[in-house]
Amino acid sequence: TVKMELYPDQAPENVANIVNLANRGFYNGTKFHRVVKDFMIQAGTKDGDGSTGAKLSNLKDGGEDKEYGIKGEFVANGVNNKIKFEEGVVGRADYTQYSSDLKEESYNSGNSQFFIMTKENTGLNGLYTAIGRVTEGMDVVHKIEEIEVKAKDDEVKDSSSSTSEVSTPVNPPKVTSIRVETYGVDYGMPDTLTPFDYMSWMYKQYGLDAS
């Protein structure tokens, strides 16, 4: 068991998103699909490999069957979120650092995925949305951090580098369930945005057609 506390005063849109997804059962049965020792462990995607996120239909009754984005609540995006990325801090995963030309799109590209820091990383401060902190169970987090990992089967190495990140668990740990105790407070629905299509953008960088 891992227990966390969330900070709606620092990241209200992202906390509202997590609360609604969690209490509607979205995270039940999902896996930790990315593990980087001395950095973080990441979960929150239904496909199990990190390529897709939640859909509006997962977030609310009557929602459309399409993905969405959530505003990045961090300093670089105009939000004075003061949480530092120390060990145990929970962050919202997005595509923030992929391109300086895509700040608006990538800064607001978060969805359902989240990560838990296993070691302090000051390079994330002000550039990613911190939403909470582990209060109990860091021993479990560190056990997940130690599992065997491999490169993705379909991973293409960057031509400028002879190495690529090895972060895919051989036997991904499964999330049994996540629930948020709100103590009767209604945090409402987050404002949702048009999602950033990262894959289409990547294809364009190489002159390819994503269709």
222 nm mean residue ellipticity, helices alone, for the chain (DSSP H n ≥ 4; -39,500 (n - 2.57); rounded to 500)
-4500 deg cm²/dmol
Full-extension gain between Lys66 and Lys119, please, as 0.36 nm times their residue separation minus the C-alpha to C-alpha distance.
15.7 nm
Please check: in the Gaussian network model of the chain (C-alpha springs, under 10 Å), which one of Gly184, Gly48, Gly62 has the largest mean-square fluctuation.
Gly184
Under the definition of Cα pairs under 8 Å and six or more residues apart, what whole-number percent is the relative contact order of the chain?
30
Applying 1/(1 + (r/R0)^6) with R0 = 30 Å to the Cβ-Cβ distance of Asp186 and Asp49, what FRET efficiency is obtained, to the nearest 0.05?
0.35
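So, for the chain, what is the accessible surface per residue at a probe of 1.4 Å, expressed in square angstrom?
About 55 Å² of surface per residue is accessible.
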Within the stretch 20-81, how many Lys pairs sit with Cα atoms under 19 Å apart, leaving out pairs fewer than 8 places apart on the same chain?
8
Test of understanding: what is the full-extension gain from Lys82 to Lys150, defined as 0.36 nm times their sequence separation minus their Cα-Cα distance?
21.0 nm
What's the longest bit of the chain with no exposed chymotrypsin sites (Phe, Trp or Tyr not before Pro), using DSSP loop states and at most 13 other Cβ atoms within 10 Å as the test?
1-182
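Roughly how many debye, to the nearest 20, is the charge dipole of the chain about its Cα centre, given +1 on each Lys and Arg Cβ, -1 on each Asp and Glu Cβ, and no other charges? Each step should come with its number before you reach the end.
Values: 23 positive and 33 negative charges, 59 e Å.
In debye, rounded to 20, the chain gives about 280.
The values are calculated or read from the model by the stated rules, or taken from the named source; none is laboratory data. Please read these numbers as outputs of a predicted model, since none were measured by experiment. Note that each Cβ is placed from the backbone with ideal geometry, even for glycine, and that neighbours are counted across all protein chains shown. Accessible surface is based on the protein model in full, side chains and every heavy atom, while ligands, DNA and RNA are left aside. Shrake-Rupley method; radii C 1.70, N 1.55, O 1.52, S 1.80 Å.
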